[in-house]
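The values are calculated or read from the model by the stated rules, or taken from the named source; none is laboratory data. Quick caveat, the model's predicted, so the values are computed rather than measured. Please note: Cβ atoms are built from the backbone with ideal geometry, for glycine as well, and neighbour counts cover all protein chains shown. Ligands, DNA and RNA are excluded from the accessible area calculation, which covers all protein heavy atoms including side chains. Shrake-Rupley method; radii C 1.70, N 1.55, O 1.52, S 1.80 Å.
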Amino acid sequence: MVSRVVFGRGCFNQLSELLEVKRISDKAPFIFIVDDVFKGNAWITGRIPLAYSDEMVYVSTDEEPKTSQVDELVEKIILTHKDRPSGIIGIGGGSVLDIAKAVSIMLTNKGEAKDYQGWDLVKNPAIYHVGIPTISGTGAEVSRTTVLTGPDKKLGINSDFTPFDQVILDPELIKDVPKQQWFYTGMDCFIHCVESLNGTYLNTFSKSYGEKAYELCKEVFLSDTVDKKLSDEMLMMASWHGGMSIAYSQVGVVHALSYGLSYVLGTKHGIGNCIVFDQLDDFYKEDLKIFREMKTKHGIELPKNICKDLIDEEINTMIDVSLGLEPLWENALGPNWKRKVSRTDLHQLYRRM
Ligand code: NAD
Ligand code: ZN
């Protein structure tokens, strides 16, 4: 779990105060990893408290985060600064938060980021790391994973050292997210809840968070009476609760198939999940009705036929990536999941997307 969190409009202004006590020395910098969408945005970057040899590193989120990208960032930090950083601060969406988590782990663990893709492979505690979400839905701000695309798989670094030490939840930071992205990332949260609440790993802990997030998503995406400010606050908390729900259970068929899509096509997580979910009437019928209602209400048109031109070998790679995510399938379909889903089924599903 994240050990410390502040919430509230404007609480981003507390960053300086929160970091002050964590500075190891004037030679041990804070490294701020910031989404490059905020380049030139003084309202955000002007409030980042740089001192001594602190550094701001902009990263692009055009593509899903990669293990090689994390390795490059770590190498650059080690080469630039003699002392180990006092902390890593990620400011952005799921992509940037995941990069920040991974960098903080790789600064204290030998080898390459790809060596740690899996469950509980990290040996040493990460350095102090802070997450500041600027878009809500993934739950990356609260989860114990950092999802990375490596040379041979898309898989998270899942470990007890992955969660942030401090999170700053300031709903004001998400106010300018473009509508479509707001929907896709928000739907990631809704889908987390659907997969958790319908999964065989469900337990009372997960359920209590999942149900709350599910209700918040319905209000945010279907209610006509919630104003924008309140809606942003609710979505931020939905993301948190949805993340807590899957942290103690697991995601399901949507994520398993969506990882295959993004591995082969580079499809981004939020939209990829929506494309997959829309085909899964056999698995999540009732919730799909709600999803389609939300889609219509917000005028969202999903891309079609994205797998149309793929050769069978590429579809087979997608299926391999997907079926490799065994806990996701086991959560969705139970211990005998291998008898309930075939490569042919998945082939047909991918061809329909
Ligand atoms: P993102 O971080 O990829 O950002 C999406 C887009 O929104 C980008 O163009 C970004 O620049 C823009 N953006 C972000 N904040 C903005 C703001 N305030 N104003 C304007 N534009 C803004 O999107 P995401 O959906 O939050 O994250 C997706 C990533 O999260 C994927 O890589 C996925 O694998 C990962 N993920 C991680 C977890 C986890 O538990 N670690 C869970 C789910 C998803
Ligand atoms: Zn997700």
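A helix-only calculation puts the chain at -15000 deg cm²/dmol for mean residue ellipticity at 222 nm, using -39500 (n - 2.57) for each DSSP H run of at least four residues, averaged over all residues. The portion of the accessible surface of the chain made up by carbon and sulfur, rounded to a whole percent, is 50 (1.4 Å probe; DNA, RNA and ligands excluded). Our estimate of slack between residue 296 and residue 51, defined as 0.36 nm per intervening residue step minus the Cα-Cα distance, is 83.4 nm. From the alpha carbon centroid of region 124-141 to that of region 304-330 is 28 Å. Once the chain from residue 176 to residue 108 is taken as fully extended at 0.36 nm per residue, the excess over their C-alpha distance is 21.0 nm.
Loop-located trypsin sites (Lys or Arg not before Pro) in region 253-353 (DSSP state not H, G, I, E or B) with no more than 16 neighbouring Cβ atoms inside 10 Å: 304, 308. With a threshold of 21 Å on the Cα-Cα distance, the over-threshold entries among 27/76; 179/268; 123/268; 66/268; 153/304; 39/304 are 123/268; 153/304; 39/304. For region 179-352, the solvent-accessible area works out to 44 Å² per residue, with a probe of 1.4 Å and every protein chain left in place. Karplus-based coupling profile of region 80-91, in residue order and whole Hz: 7, 10, 5, 9, 4, x, 6, x, 10, 10, x, 10, with θ = phi - 60° in 6.51 cos²θ - 1.76 cosθ + 1.60 and x standing for Gly or Pro. Taking the square roots of five times each eigenvalue of the Cα gyration tensor of the chain, the equivalent ellipsoid has semi-axes of 32, 24, 18 Å, listed largest first. Take the Cα of residue 1, step 7 Å toward its Cβ, do the same at residue 326, and the gap between the two points is 3.0 nm. Taking 117, 69, 250 in turn, the Gaussian network model of the chain (Cα-Cα springs below 10 Å) assigns the largest fluctuation to 69. A Gaussian network model of the chain, with springs between Cα atoms under 10 Å, assigns the largest mean-square fluctuation among 97, 216, 18 to 18.
If R0 is 35 Å, the Cβ-Cβ spacing of residue 39 and residue 344 corresponds to a FRET efficiency of close to 0.15. Of the GluC sites (Glu not before Pro) found in region 251-353, those in coil by DSSP whose Cβ has at most 10 other Cβ atoms within 10 Å are 301.
Here the chain is assigned +1 on the Cβ of each Lys and Arg and -1 on the Cβ of each Asp and Glu. Its dipole about the Cα centre then comes out at about 260 debye. Per residue, the accessible area of region 4-174 comes to 40 Å², computed with a 1.4 Å probe over protein heavy atoms only. For region 179-352, the square roots a ≥ b ≥ c of the C-alpha gyration tensor eigenvalues yield an a/c of 1.5 or more together with a/b not exceeding b/c, which makes the shape oblate. One decimal place: the segment residue 14-residue 207 gains 66.2 nm when fully extended, by the rule 0.36 nm per residue minus the C-alpha distance.
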